[in-house]
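The values are calculated or read from the model by the stated rules, or taken from the named source; none is laboratory data. Remember, it's a predicted structure, so these values are computed and weren't measured experimentally. Positions of Cβ are backbone-derived with ideal geometry, glycine not excepted, and every protein chain shown enters the neighbour counts.
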Amino acid sequence: MKHSFKHISLSLALGVTAAIAVLLGLSRAIGLIGGYIWIAVPVIVFVTVIVMTERMVAKRIHFAIDDLRKIERREFAEVDANIDGRDELSELRTVIESTGRTLEKEITAMRRLESYRRDFLGNVSHELKTPIFSIRGFAETLRDGALEKPGVRESFVEKIIKNADRLSHLAQDLTEIAKIETGELKMKPVKFSLAVLIQEVIESVEPRARNKEMQIRTEVPADLPKVLADESRIRQVLSNLVENGIKYTNPGGLITIRTERDKGDVVITVRDNGIGIAPEHQLRITERFYRVDASRSREQGGTGLGLAIVKHILNAHGSRLVLDSAVGKGSTFEFRLPVA
Ligand code: ADP
């Protein structure tokens, strides 16, 4: 490449110089000019053409080639982003630079997806193993003699059912998160009453709350306006937060669901007086499969996906989950929805 361009510039210089030399030679022959001008001018032209093509074209083409080589080696940060000039060669370098940036973004996104897939598969298989091993363990114990022991027998069968339920929750949550994260899930905003929804959620968790002798209190103003959001998804968010309140609060605890108008929004808070979440875990609890205490979560039938789903649903509504919590005191989860 380098040599062939030298060849072109040399031929160009020779061509132009020869033409000028012939013209000047003829001029001298007929006496129009005298002295050595007919030689001096072509020599100057020759040198100028060589220097100019080298400086203005060859050097800049080599810059472009260097940039392409950097992109080839994936050294995106090294590609020169400050390109002066408005001619075609400057445009060529600008296009090379922006192509590099696009490529870099796509490669980063692909790598992130790849590592997400790897982590996700690892987490899923880990989550599947625990209930499957438990089911197998209980079934083997039953087979090896526990079947004959009334009392033990029933409790083992109950444990097998509980673990099968966990697998089924996991399958449901996995389908849900996969849909949400691949963007398949579209929110369908409608106008609805939060007061009614909150009552329905409380009714659905009532048996669990009663089992733990927990109280659920509401603070919903009578004139609360309707909100605009996907009703079934917000039901899922509220159920999840209230269920977590029940799961992570000791028996006899209190959960308060409060709504309050704040300008164009309704602020919804779910507060418990449970075990609380230490500051170092607070930023991470909405990550997939992240749990503060994995065995407590599993014991309560948790999959570690609930808050990840909640976060996605709220983000899809342009809202976000805000947490305020202190260990031993309890947790408050807050989010906003627009007034309809
Ligand atoms: P899980 O299925 O484990 O409950 P979540 O995604 O709903 O999964 O919650 C993630 C983790 O956050 C839980 O395992 C728990 O450690 C913590 N957590 C969630 N809600 C509460 C709460 N109200 N009080 C204390 N800890 C909580």
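Restricting attention to the range 243-284, the residues being part of a loop (DSSP other than H, G, I, E, B), near the ligand (Cβ under 8 Å from one of its atoms) and farther than 14 Å from Lys329 by Cα number 0.
For (1) within 23 Å of Ser331 (Cβ to Cβ); (2) away from the ligand (no atom under 16 Å from the Cβ); (3) modelled with pLDDT of 95 or more; (4) part of a helix (DSSP H, G or I), each residue gets a yes or a no:
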site	(1), (2), (3), (4)
Leu185	no, yes, no, no
Lys191	no, yes, yes, no
Val196	no, yes, yes, yes
Val237	yes, no, yes, yes
Leu241	yes, no, yes, yes
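For first residues located in the range 287-309 and assigned to a helix (DSSP H, G or I), partners that are among the charged types (D, E, K, R) and more than 7 Å from the ligand (Cβ to nearest atom) and lie 6+ apart or on another chain with Cβ distances below 6 Å form the pairs Ala308/Arg288; Ile309/Glu176. Among the residues here, Ile107 qualifies as assigned to a helix (DSSP H, G or I), hydrophobic (A, V, I, L, M, F, W, C) and within 33 Å of the chain's Cα centre (by Cα). Applying the criterion of being under 14 Å from Leu337 (Cβ atoms) and outside any loop (DSSP other than H, G, I, E, B) to the residues of the range 204-231, the residue that is farthest from the ligand (Cβ to nearest atom) is Leu228. Just so you know, in the range 310-337 the residues that are in a strand (DSSP E or B) and surrounded by fewer than 16 Cβ atoms within 10 Å (Cβ to Cβ) include one that is nearest to the ligand (Cβ to nearest atom), and it is Leu323. Applying the criterion of being in a helix (DSSP H, G or I) and surrounded by fewer than 13 Cβ atoms within 10 Å (Cβ to Cβ) to the residues of the range 79-91, the residue that is farthest from the chain's Cα centre (by Cα) is Glu88. Has the range 286-302 got any residue that is more than 10 Å from the ligand (Cβ to nearest atom), out of contact with any Asp or Glu (no Cβ under 8 Å at 6 or more places or on another chain) and at pLDDT 95 or above? Scanning the range 286-302, I find no residue that is more than 10 Å from the ligand (Cβ to nearest atom), out of contact with any Asp or Glu (no Cβ under 8 Å at 6 or more places or on another chain) and at pLDDT 95 or above, so the answer is no.
Scanning the range 121-162 for residues that are under 19 Å from Arg298 (Cβ atoms), among the aliphatic types (A, V, I, L, M) and in contact with a Ser or Thr (Cβ under 9 Å, 6 or more places away or on another chain) turns up just one, Ile160. Against the criterion of being touching a Gly at 6+ places or on another chain (Cβ under 9 Å), of a type in the set (Lys, Arg), assigned to a helix (DSSP H, G or I) and surrounded by 13 or more Cβ atoms within 10 Å (Cβ to Cβ), Arg153 does not qualify. Only one of the numbered conditions (1) surrounded by fewer than 13 Cβ atoms within 10 Å (Cβ to Cβ); (2) on the phi < 0 side of the Ramachandran plot is not met by Thr141, and that is (1).
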